[in-house]
Amino acid sequence: DAKTTQPNSMESNEEEPVHLPCNHSTISGTDYIHWYRQLPSQGPEYVIHGLTSNVNNRMASLAIAEDRKSSTLILHRATLRDAAVYYCILRDVAGYALNFGKGTSLLVTP
Amino acid sequence: EAGVTQFPSHSVIEKGQTVTLRCDPISGHDNLYWYRRVMGKEIKFLLHFVKESKQDESGMPNNRFLAERTGGTYSTLKVQPAELEDSGVYFCASSQPVVAGTKNIQYFGAGTRLSVL
């Protein structure tokens, strides 16, 4: 699977929008972009995924660049509960294993 | 619906002993995965079951690790003998049978923290 690059950490104020970037310049045509997060003392949790088009669900939005070399996870209103490590993961359509990198540690302050 | 359950939540053993970790996937999930995070490192894939068959065990570190999934339900991961470098958190995940168009979302358990002294 191709690699992803994320900032080590980001900080946000509560109730503000948060944009978490991810670069994946070597993405292949069959790679899906997945986002998972890990809250403290819990296992990873699925957030969202997409292939080419922007995606929205109840947790977040995923904006994918036209050339697919980067994407942004958008939390529309950060809450204290959103403080977690966020992982951007590329996975081939035929693949199963998730290749977690270092992720971005998001700090949300009141 | 019950989530992925792992037992025990924490295990402390001495070097050279044997430990068995258990994972109960979500009912109906054919796919079961083991991952681990050792101290200071990233979460790494260990292996993948489809029902009772090992589909991919490329991430298993060495032959001290044995994973089983008899009957295609729960799975166990045995470490024998345990070494100091095996300390870390072991996660189990499960996902639905893959059908064209499904998301294949993996649902993770809370993990088992293994401490080898």
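Applying 1/(1 + (r/R0)^6) with R0 = 30 Å to the Cβ-Cβ distance of A:His76 and A:Ser105, what FRET efficiency is obtained, to the nearest 0.05? If you can, show how the numbers build up before the last one.
Details: r = 20 Å, r/R0 = 0.66.
Computed FRET efficiency for A:His76 and A:Ser105 comes out at 0.90.
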Estimated distance in nm for a label pair at B:Gln55 and B:Glu14, the labels positioned 7 Å out from Cα along Cα-to-Cβ: 4.1 nm
Relative contact order (percent, whole number), chain A, Cα cutoff 8 Å, 6+ residue spacing: 37 percent
Of all GluC sites (Glu not before Pro) in segment B:13-114, which ones are in loop regions per DSSP and have a Cβ with at most 11 other Cβ atoms within 10 Å? B:Glu14
Compare B:Arg64, A:Arg91, A:Arg81 by solvent-accessible area with a 1.4 Å probe and give them largest first, with all protein chains kept in place. A:Arg81, B:Arg64, A:Arg91
Among beta bridges assigned by DSSP with both residues in the protein assembly as shown, the antiparallel ones amount in percent, to the nearest 5, to 90 percent
With each label point set 7 Å from Cα along the Cα-Cβ vector, what nm distance links B:Val38 and A:Glu11? 3.4 nm
At most 13 other Cβ within 10 Å, DSSP loop - trypsin sites (Lys or Arg not before Pro), segment A:1-64: A:Lys3, A:Arg58
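So if R0 is 30 Å, what FRET efficiency would B:Leu117 and B:Asn63 give, r being the distance between their Cβ atoms, rounded to the nearest 0.05? Each step should come with its number before you reach the end.
Working: r = 22 Å, r/R0 = 0.75.
Computed FRET efficiency for B:Leu117 and B:Asn63 comes out at 0.85.
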Do you know the relative contact order of segment B:49-117, to the nearest whole percent, from alpha carbon pairs under 8 angstrom that are 6+ apart? 26 percent
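Can you tell me, using C-alpha contacts under 8 Å and at least 6 residues apart, the relative contact order of chain B as a whole percent? Present the calculation step by step, with values, prior to reporting the outcome.
Values: 291 pairs, mean separation 42.6, N = 117.
It comes to 36 percent, rounded to a whole number.
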Under a plain spin-label model, where a point goes 7 Å from the Cα along Cα-to-Cβ, how far apart in nm are B:Thr76 and A:Glu45? 3.2 nm
Relative to a virtual label point 7 Å from the Cα of A:Met59 in the Cα→beta-carbon direction, which members of segment A:73-96 show backbone nitrogen distances below 17 Å? A:73-91
What aspartates and glutamates does B:Lys51 reach when the alpha-carbon gap must be under 16 Å and sequence neighbours fewer than 8 apart in one chain are set aside? B:Asp24, B:Asp30, B:Glu68
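The values are calculated or read from the model by the stated rules, or taken from the named source; none is laboratory data. Bear in mind that the values here come from a model prediction, so they are computed numbers and not experimental data. Positions of Cβ are backbone-derived with ideal geometry, glycine not excepted, and every protein chain shown enters the neighbour counts. To get the accessible areas, we keep the full protein, side chains included, count just its heavy atoms, and leave off ligands, DNA and RNA. Shrake-Rupley method; radii C 1.70, N 1.55, O 1.52, S 1.80 Å.
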